[in-house]
Amino acid sequence: MAEPQRARPKPTPETQHFWDGTKAGELRLQRCDACAHVYFPPRPFCPSCASRKVSVFKASGKGLLYSYVINHRPAAPGFTPPYAIAVVELAEGPRMMSNIIDCPQTPEALELDMKLEVAFEALDDKITLPVFRPTKG
Amino acid sequence: MRKNQVAVVGAAETTELGIIPNVSQLQLHADAALNAIADAGLKLSDIDGFATAVETPQQVCHYLGIKPTWVDGTSVGGCSFMLHVRHAAAAIEAGLCKTVLITHAESGKSMIGKAPRSIPADSLQGQFEAPYGVYGPPSMFPIPVLRFMKTYGITHEELASVAVVQREWAARNPRAMMKDPITVADVLNSRMIAYPFRLLQCCLVTDGGGALILTSADRAKDFPRKPVYIMGTGESVETPMVSQMETFNSSSAFKTAGPLAFREAGIAHGDVDHLMIYDAFAHLPLFGLGDLGFMPHEETGQFIADGNTRPGGKLPLNTNGGGLSYMHSGMYGMYALQESVRPMRGIAPAQVPNAKISVCHGVGSMFAASGTIVFTNER
């Protein structure tokens, strides 16, 4: 029997650009052409002003650690506890859930508001997940 | 909605609470419904309005053998029943029905006749949250709490005191699952679940159910039990994605539903004699006390740690022991409502003397939804 797998995202037409982006090593966000609001998760209209004129752009990939838990039990399939489930506040404004790599998964190491940068983790040939690591220097 | 025009005339929980491996989820609905019907001195055929969550109204109505003219299947998580009370009160006032039954039941522990919850891989949660290892409420609901604690200076000891104080209430309640006294040290030394939350800061997982019966206040005086009036109500939703909350320092749904109910009831915080705040996890009473406007968020931890919400304190909170010590089948809102009705009827195991106003505040699907009901025993 195969090992239990980490949950795999299944893109929809409205989110496909995001997943195409991560595969290409880009974190793509959307900005409203009418009111300049930047938002996530993807949708083909602005959740702030309802305009359907929106653009996709490549985000800086920089952010801050907004909050997290360190999960011990029960662990999700494909995860070895303890692991942090983090929420990152992106430099462009929106927040996203993620994991923090290259960092001990401890309360001491995971300091709120620490600087983070995006990295990309390929799950298979279709899906690459954005994850974050502490910014060096 | 006008206040005090609709009343609770029947309220009961399932015959057993806790671990009930010999009863299906659907039968738990029926057991709670029949107990509430008996409590109200009614026949099933008197019920012409029905509401429930997770199970469909048609399923439960068919099983019970009732033919309502008004149904509500609002299912927004554990506070669905607060929303049902609000909707039922409006329906009764509008003349759509006369006598509403609201049921909840969940085989949360034994999983008998209960469909597993799953997150579709093409939903927004399935794409943007599940891949990061969230696994049920214990790893999702507490995600905001470290930010909340940093912003307001809430300590781990204060957060632990929520569980300690609620255990004091549970000790006075024969139906509570966990009654042994605990200390802050016990909480902080209990098994780690999802840092910063340990076992004793997480709700129990049990089987059970409850039901309420509502009718117009004018009819309510002819029922065997003392009526408990619906004084004010509020509801709202925010987001099913905990990562997308407006801020982690507060709940937008709490801040909408709670004050709406207070305004409708025409009450001030000092008028509240008894308070229930849905405590799936230990941080929720802190969010609730702040978002409902009882005090600034930064004072909430100290307020509870100082004993203000314990037996004999000035603001009795979660007097059945709460989801942390009483029971929690997965959707706790019905049990909070039951525990608001009891002291208004004067029959709570840990009765609050002379209580006239009880506020019951619910939350659903992490911070996705909220509903607040203000009850009173004086018309």
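No lab work stands behind these numbers, since they all come straight from the coordinates. Just so you know, these numbers come straight off a predicted model, no measurement behind them. We place every Cβ from the backbone using ideal geometry, glycine too, and count neighbours over all the protein chains shown.
Taking the C-alpha atoms of the range B:148-202, how large are the radius of gyration and the largest Cα-Cα span, Dmax, in Å?
Spelled out, the Cα radius of gyration and Dmax of the range B:148-202 are 12.0, 38 Å.
Compute log10 of I(q)/I(0) for the range B:30-129 with the Debye formula, placing one identical point scatterer on every Cα and leaving out solvent, at q = 0.16 Å⁻¹, to two decimals.
-0.74
So what does the Cα-only Debye profile of the range A:81-137 read at q = 0.13, 0.14, 0.23, 0.29 Å⁻¹, as log10 I(q)/I(0), no solvent term?
Each listed q corresponds, in turn, to -0.34, -0.39, -0.98, -1.34.
For the range B:280-293, what does the Karplus curve 6.51 cos²θ - 1.76 cosθ + 1.60, with θ = phi - 60°, yield as ³J(HN,Hα) per residue in whole Hz, taken in order and with x for Gly and Pro?
5, 9, 5, 7, 5, x, 6, 4, x, 4, x, 5, 7, x
For an R0 of 35 angstrom, estimate the FRET efficiency from the Cβ-Cβ distance between A:PHE120 and B:ILE112 and round to the nearest 0.05. Each step should come with its number before you reach the end.
Numbers: r = 44 Å, r/R0 = 1.25.
Using R0 = 35 Å, I get an efficiency of 0.20.
Run through all the Cα pairs of the range A:24-137 and give the fraction in each 5 Å bin from 0, expressed as whole percent.
Going out from 0 Å in 5 Å bins, the range A:24-137 shows 2, 11, 19, 20, 17, 15, 8, 5, 2, 0 percent.
Residue by residue through the range A:39-56, which ³J(HN,Hα) values in whole Hz follow from phi under the Karplus form 6.51 cos²θ - 1.76 cosθ + 1.60 (θ = phi - 60°), with glycine and proline marked x?
9, 7, x, x, 6, x, 7, 8, x, 9, 10, 6, 5, 8, 8, 9, 10, 9
Are there cysteines in chain A with no other Cys C-beta under 4.7 Å, and if so, which?
A:CYS103
For B:ASN22 and B:ARG345, calculate 0.36 nm times their separation in residues minus their Cα-Cα distance, and state this gained length in nm to one decimal.
Values: separation 323, 0.36 × 323 = 116.28 nm, distance 3.17 nm.
Full extension from B:ASN22 to B:ARG345 adds 113.1 nm.
Which angle from 0 to 90°, rounded to the nearest 10, does the C-alpha axis of helix B:156-170 make with the longest principal axis of chain B?
Helix B:156-170 sits at roughly 30 degrees to that axis.
Work out the P(r) tail for chain B: percent of alpha carbon pairs separated by more than 28 Å, whole number.
Numbers: 27952 of 71631 pairs.
More than 28 Å apart: 39 percent of the Cα pairs in chain B.
Once you compute Rg and the Kirkwood Rh from C-alpha atoms, what is the Rg to Rh ratio for the range A:43-106? Working shown, then result.
Details: Rg = 15.6 Å, Rh = 14.1 Å.
Expressed as Rg/Rh, it is 1.11.
Once the Cβ-Cβ distance between B:THR183 and A:LYS136 is put in as r, and R0 is 41 Å, what FRET efficiency do you end up with, to the nearest 0.05? Don't skip to the end; give the middle numbers.
Numbers: r = 43 Å, r/R0 = 1.05.
E(calc), rounded to 0.05, equals 0.40.
Amide H to amide H, which residues 5 or more places from B:ILE19 or on other chains are under 5 Å from it, using H placed in the peptide plane?
B:ASP207
Residue by residue through the range A:71-81, which ³J(HN,Hα) values in whole Hz follow from phi under the Karplus form 6.51 cos²θ - 1.76 cosθ + 1.60 (θ = phi - 60°), with glycine and proline marked x?
For the range A:71-81, the Karplus-derived couplings read 7, 10, 7, x, 7, 5, x, x, 10, 10, x Hz, x marking Gly and Pro.
If the label point is 7 Å along Cα→Cβ of A:ARG52, which residues in the range A:6-41 have backbone nitrogen under 15 Å from it?
So the set is A:14, A:33-34.
Divide the volume of the convex hull of the Cα atoms of the range B:161-289 by its number of residues and quote the answer in cubic angstrom per residue. Before the final figure, lay out each step's value.
Details: hull volume 22.2 nm³, N = 129.
So the per-residue hull volume is 172 Å³.
Enumerate the amide H contacts of A:LYS115 below 5 Å, restricted to partners 5 or more residues apart or on another chain; note that Pro and chain-start residues carry no placed amide H.
Under 5 Å from the amide H of A:LYS115 lie the amide H atoms of A:THR135, each far enough along the sequence or on another chain.
Roughly what % of Cα-Cα distances in the range B:123-178 sit above 18 Å, to the whole percent?
Numbers: 882 of 1540 pairs.
Here the tail beyond 18 Å accounts for 57 percent of pairs.
Given the rule -39500 (n - 2.57) for each run of at least 4 DSSP H residues, summed and divided by the residues of chain B, what is its mean residue ellipticity at 222 nm, to the nearest 500 deg cm²/dmol? Spell out each step's value before the answer.
Numbers: 14 runs with 129 residues, N = 379.
Dividing the helical sum by the residues of chain B leaves -9500 deg cm²/dmol.
Sequence gap at least 6, Cα distance under 8 Å: using those rules, report the relative contact order of chain B to the nearest whole percent. Each step should come with its number before you reach the end.
Values: 922 pairs, mean separation 100.1, N = 379.
The normalised contact order for chain B reaches 26 percent.
With a Cα-only, solvent-free Debye model of the protein assembly as shown, what are the log10 I(q)/I(0) values at q = 0.12, 0.13 Å⁻¹?
-1.09, -1.24
Count charges around A:LEU29 for me, please; just the other residues with Cβ under 11 Å from its Cβ, Lys/Arg as +1, Asp/Glu as -1.
Details: positive: A:ARG28, A:ARG31, A:LYS58; negative: A:GLU26, A:GLU92.
Charge balance in the 11 Å sphere: +1.
Given a Förster distance of 30 Å, report the FRET efficiency between B:LEU96 and B:TYR63 from their Cβ-Cβ distance, rounded to the nearest 0.05. List each step's numbers first, then the result.
Numbers: r = 23 Å, r/R0 = 0.76.
The formula returns an efficiency of 0.85 here.
Could you sort out which of A:LYS10/A:LYS136; A:LYS10/B:LYS255; A:LYS115/B:LYS150; B:LYS109/B:LYS356 sit more than 24 Å apart by Cα distance in this structure? Mind showing how you got there, number by number?
Numbers: A:LYS10/A:LYS136 32 Å; A:LYS10/B:LYS255 34 Å; A:LYS115/B:LYS150 17 Å; B:LYS109/B:LYS356 35 Å.
Table pairs above 24 Å Cα-Cα are A:LYS10/A:LYS136; A:LYS10/B:LYS255; B:LYS109/B:LYS356.
Residues with amide H under 5 Å of B:ILE277's amide H, sequence separation 5 or more or different chain, H placed in the peptide plane at 1.01 Å from N; which?
B:ASN318, B:HIS361
For labels at B:LYS43 and B:GLU298 in the simple 7 Å Cα→Cβ model, what's the distance in nm?
Computed distance between label sites B:LYS43 and B:GLU298 equals 6.3 nm.
For the range B:270-379, compute Rh as the Kirkwood radius over C-alpha pairs and then the Stokes-Einstein diffusion coefficient at 10 °C and 1.306 mPa s; write the answer in µm²/s, rounded to an integer. Don't skip to the answer; put the middle values down first.
Details: Rh = 13.9 Å.
Estimated diffusion coefficient is 114 µm²/s.
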